[in-house]
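To start, the structure itself, in structure tokens.
The values are calculated or read from the model by the stated rules, or taken from the named source; none is laboratory data. Everything numeric here is computed off the predicted structure, so don't read it as measured data. Here the Cβ positions follow ideal geometry from the backbone for every residue, glycine too, while neighbour counts run over all protein chains shown.
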Amino acid sequence: MVKERPCGRACDEARVLYHVGAADGDAPFGFAYGTLTNHAESGEELFELFVDPRSGDVMYRIRAVSWPQTMLARIGQPIVRALQARFRRDSAAAMRRATRDAARG
């Protein structure tokens, strides 16, 4: 079931801009996406993984920059920032679950 968002499709208007590294090396790997014209915000978000080759520890980093593109996003800036913070927490929790489950085999 698809849940309708208050801002409709404008919440999801983005594209992958570039990728970082390769999953088979010691270097970080990941991707970045940027918003498209119809998005409520304008900006870019980078998702990176680092795997320590000695310990196998995984570090997950999200780096983002954005600014309001629409009047609704400007007015609702405190709510927008709270939703972004919630996404970061949820994303980090999902990564912890995924790496924990992968370690269990």
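Annotations for the structure displayed:
- Restricting attention to region 70-105, the residues that are under 13 Å from E41 (Cα atoms), modelled with pLDDT of 90 or more and among the polar types (S, T, N, Q) add up to 1.
- Within region 41-64, the set of residues being among the small types (G, A, S) and either closer than 15 Å to T99 by Cβ or in contact (Cβ under 8 Å) with a residue 40 or more places away in the chain (or both) comprises S55, G56.
- The residue pairs whose first member lies in region 9-21 and is under 17 Å from F87 (Cα atoms), whose second member is at pLDDT below 85 and among the polar types (S, T, N, Q), and whose beta carbons are closer than 7 Å, counting only pairs six or more residues apart or on different chains, are A10/N38; E13/N38.
- For region 44-78, the candidate set comprises residues that are among the hydrophobic types (A, V, I, L, M, F, W, C), closer than 22 Å to E13 by Cα and surrounded by 12 or more Cβ atoms within 10 Å (Cβ to Cβ); within that set, the residue that is farthest from the chain's Cα centre (by Cα) is L72.
- Selection from region 61-105 of residues that are polar (S, T, N, Q) and in a strand (DSSP E or B): S66
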